[in-house]
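The structure appears below as structure tokens.
Read-outs throughout are calculated quantities, based only on the coordinates presented, and are distinct from any laboratory measurement. The shown structure was predicted, so the numbers you read here are calculated from the model rather than taken from an experiment. Cβ sites come from the backbone with ideal geometry, for glycine too, and all protein chains shown count toward neighbours.
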Ligand SMILES: NC(=O)c1ccc[n+]([C@@H]2O[C@H](COP(=O)([O-])OP(=O)(O)OC[C@H]3O[C@@H](n4cnc5c(N)ncnc54)[C@H](OP(=O)(O)O)[C@@H]3O)[C@@H](O)[C@H]2O)c1
């Protein structure tokens, strides 16, 4: 069973980012219509123009939507409904992440990340899936991260949301067996814009072009999970075999470093405050 990419309607969230944009470029000559979603209109319109240069017969809808606001996700879905746009393939690619100790992050920011990384892909999938099942064809391509396999001190929210995506995708895939709807999860490592390679670490970084190509190939083969890039793929296979106590031990070393660095920064910040206070008085 292949997802209906060719001559289908594909909705891509985070369409103006590194990986989303490259997926859109690679689908421009294959899909009938692309629905591009991002939080700013201008980059969306630039991408639309670029895609239309590649394929003037492509249908392109640009939808400005802040996915961390459920009302805006509803408005996006209403707009598709009004314009009679029926989505055959959903690419959940947008995400947010922030580095820092969890207790020091602000709740509104954490909540925003949860809505963008968890609620939005769930809501979009929920609204678009029923019709796919009824028609007996469709696809959900979830772009997660290798962080969905790891424990990452300093990125607990991001890692947590990526772990969520694993459980959600795999369980949904089982539910949808035999319905004609394909669910594939992609867990990239470091990926850089266009043909460039991300740094560091260079030995496992790949270009967005390669990432998008391998993601789409895996999706078309109805693979449950794609690790794009040969070196990274082997590393992740080894990581998957790693016993949890070992993962915790390596994570603990990183966590201790992070806490030390954070308290050093706090001490320096306090010294600067004290110094500027004594200068002012
Ligand atoms: N690049 C990598 O090295 C890498 C590695 C592992 C996994 N990944 C995964 O690949 C996916 C794409 O990553 P990327 O690096 O290409 O992009 P990115 O730099 O992480 O950008 C995120 C994208 O999501 C969109 N987005 C975030 N919050 C949004 C919101 N509230 N409403 C609407 N759009 C929102 C952004 O659009 P706006 O700019 O318009 O807000 C942007 O296009 C992510 O799921 C990421 O976890 C990437």
Taking only C-alpha pairs under 8 Å that are 6+ residues apart, what is the relative contact order of the chain in percent?
-> 17 percent
What FRET efficiency, computed as 1/(1 + (r/R0)^6) with R0 = 30 Å and r the Cβ-Cβ distance, is obtained for residue 257 and residue 193, rounded to the nearest 0.05?
-> 0.55
Between residue 103 and residue 40, the two model label points (7 Å from Cα along the beta-carbon direction) sit apart by a distance in nm of 3.6 nm
Using all Cα-Cα distances in the chain, what percent lands in each 10 angstrom bin from 0 up to the longest?
-> 6, 26, 33, 20, 9, 4, 1, 0
Helix 120-135 versus the longest principal axis of the chain: what is the Cα-based angle in degrees, 0 to 90, to the nearest 10?
-> 20 degrees
Computed over segment 181-281: relative contact order in percent, which uses C-alpha pairs under 8 Å that are six or more apart | 22 percent
Ranking of 163, 126 by count of other Cβ atoms within 10 Å, fewest first = 126, 163
Post the alpha-carbon centroid distance, segment 79-135 to segment 1-57, in whole angstrom.
-> 17 Å
Full-extension gain in nm, residue 267 to residue 237, via 0.36 nm per residue minus C-alpha separation | 6.7 nm
Measure nothing but the geometry: give the 0 to 90° angle between the long axis through the Cα atoms of 244-280 and the longest principal axis through the Cα atoms of the chain, rounded to 10°.
-> 60 degrees
Where does helix 18-27 land angle-wise versus the long Cα axis of the chain, in degrees 0 to 90, nearest 10?
-> 10 degrees
